[in-house]
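Comments concern the structure below.
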């Protein structure tokens, strides 16, 4: 849970009211977030972890992203 808490703490400043963010089986789901928030989360993760440590994909065409960590 330490890794998950660290990630949630790092991305929380860019989340907006109504954004739903949770980990499930080690995968981070971002639901109801704007494209801007998705891009901000991506940039934060790149700065924190580097591009080669995760995959960032759209899983729902209406404001949904999924992040798989390596």
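A short reminder: the numbers here are calculations on the coordinates, not readings from a lab. Quick caveat: nothing in here was measured; it's all calculated off a predicted structure. Here the Cβ positions follow ideal geometry from the backbone for every residue, glycine too, while neighbour counts run over all protein chains shown.
Do we have residue 65 as touching a strand residue (DSSP E or B) at 6+ places or on another chain (Cβ under 6 Å) and surrounded by 16 or more Cβ atoms within 10 Å (Cβ to Cβ) here? Steps first, please.
On the way: touching a strand residue (DSSP E or B) at 6+ places or on another chain (Cβ under 6 Å): yes; surrounded by 16 or more Cβ atoms within 10 Å (Cβ to Cβ): yes.
The answer is yes for residue 65.
Is one or more of the residues making up region 53-62 in a helix (DSSP H, G or I) and either in contact (Cβ under 8 Å) with a residue 24 or more places away in the chain or more than 12 Å from the chain's Cα centre (by Cα) (or both)?
Restricting attention to region 53-62, the residues satisfying the condition of being in a helix (DSSP H, G or I) are 53.
Now drop any that are not either in contact (Cβ under 8 Å) with a residue 24 or more places away in the chain or more than 12 Å from the chain's Cα centre (by Cα) (or both), which leaves 53.
Yes, that holds for at least one residue.
Consider region 1-33. How many of its residues are exposed (fewer than 13 other Cβ atoms within 10 Å of the Cβ) and not in a helix (DSSP H, G or I)?
9
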